[in-house]
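*Asks:* Structure incoming, see below.
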């Protein structure tokens, strides 16, 4: 399966954009109130290590897994075939699965379901072209981000195999992969071109 995914280490050595920092905030926000310091957390894809380091600084128990040894994860492995006797309460997968062919993504979710006790937090890009965007930060209200976007119908990021709403890869089809592997959709929202999802194991659904 060596050629069944796309990844790069180059970007982790560069300063990140303002938007990327806002993506990190949304990652933390969807986990708020759902994770506890005593929980076991697995983060797929080390990236810049911002998320795992932030959680560790707040005394959360986090392990990282990545296929790229250069990023120094706790576990060097390919999630498509990864199997373990260790189980985790929560699995984080932010901007990861689009780097796999769709059939490999389906296999990865099947395997990860076997080691996830409670929740999987996921973000995925939507294939869209931004036409208009307006951000408001009013004193009495939360920040509101309004945008108009249309389907792009082509993938510009060379490391992506697929994106939400590109060809047949609809949001419904992607959610169904999780539903068929013992999860239910607990929450979701969109920020700019990223879609954030909280999937909860059915046995632990409220």
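*Asks:* I'm checking my understanding of the structure. Among residues of region 1-24 that are surrounded by 12 or more Cβ atoms within 10 Å (Cβ to Cβ) and in a loop (DSSP other than H, G, I, E, B), which one is modelled with the highest pLDDT?
*Replies:* 16
*Asks:* Scan region 25-36 for residues that are touching a residue at least 60 places away in the same chain (Cβ under 8 Å) and in a loop (DSSP other than H, G, I, E, B) and jot them down.
*Replies:* Correct list: 34, 35.
*Asks:* If you don't mind, another one. Does residue 101 satisfy the criteria of being more than 13 Å from the chain's Cα centre (by Cα), surrounded by fewer than 18 Cβ atoms within 10 Å (Cβ to Cβ) and modelled with pLDDT of 95 or more?
*Replies:* Taking the combined requirement at face value, the residue satisfies it.
*Asks:* Please verify whether residue 63 is without any contact (Cβ under 8 Å) to a residue 40 or more places away in the chain, assigned to a strand (DSSP E or B) and under 16 Å from residue 38 (Cα atoms), treating the condition exactly as stated.
*Replies:* It is true that residue 63 is without any contact (Cβ under 8 Å) to a residue 40 or more places away in the chain, assigned to a strand (DSSP E or B) and under 16 Å from residue 38 (Cα atoms).
*Asks:* Take the residues of region 166-184 that are touching a helix residue (DSSP H, G or I) at 6+ places or on another chain (Cβ under 7 Å) and in a loop (DSSP other than H, G, I, E, B): which is farthest from residue 117 (Cα to Cα)?
*Replies:* Restricting to residues being touching a helix residue (DSSP H, G or I) at 6+ places or on another chain (Cβ under 7 Å) and in a loop (DSSP other than H, G, I, E, B), the top hit is 181.
*Asks:* Next up: Among residues belonging to region 37-51 that are surrounded by fewer than 21 Cβ atoms within 10 Å (Cβ to Cβ) and not in a loop (DSSP other than H, G, I, E, B), point out the one that is modelled with the highest pLDDT.
*Replies:* Out of the qualifying residues, it is 40.
*Asks:* Would you point out which residue out of 181, 111 is out of contact with any strand residue (DSSP E or B) (no Cβ under 8 Å at 6 or more places or on another chain), under 24 Å from residue 78 (Cα atoms), modelled with pLDDT of 90 or more and crowded, with 19+ Cβ neighbours inside 10 Å?
*Replies:* 181
*Asks:* Here's a follow-up. Do the conditions hold for residue 79, that is, is it assigned to a loop (DSSP other than H, G, I, E, B), crowded, with 18+ Cβ neighbours inside 10 Å and in contact with a strand residue (DSSP E or B) (Cβ under 6 Å, 6 or more places away or on another chain)?
*Replies:* Criteria met by residue 79.
*Asks:* Sticking with this one: What's the number of the condition residue 131 fails, among (1) at pLDDT 95 or above; (2) surrounded by fewer than 18 Cβ atoms within 10 Å (Cβ to Cβ)?
*Replies:* Among (1) at pLDDT 95 or above; (2) surrounded by fewer than 18 Cβ atoms within 10 Å (Cβ to Cβ), the lone unmet condition for residue 131 is (1).
*Asks:* Next up: Looking only at region 92-123, count how many residues are over 15 Å from residue 202 (Cα atoms) and either assigned to a loop (DSSP other than H, G, I, E, B) or touching a helix residue (DSSP H, G or I) at 6+ places or on another chain (Cβ under 6 Å) (or both).
*Replies:* 8
The values are calculated or read from the model by the stated rules, or taken from the named source; none is laboratory data. Computed from a prediction, not measured in an experiment: that's the story for all the values here. Every residue, glycine as well, gets a Cβ built from its backbone with ideal geometry; the counts of neighbours run over all protein chains shown.
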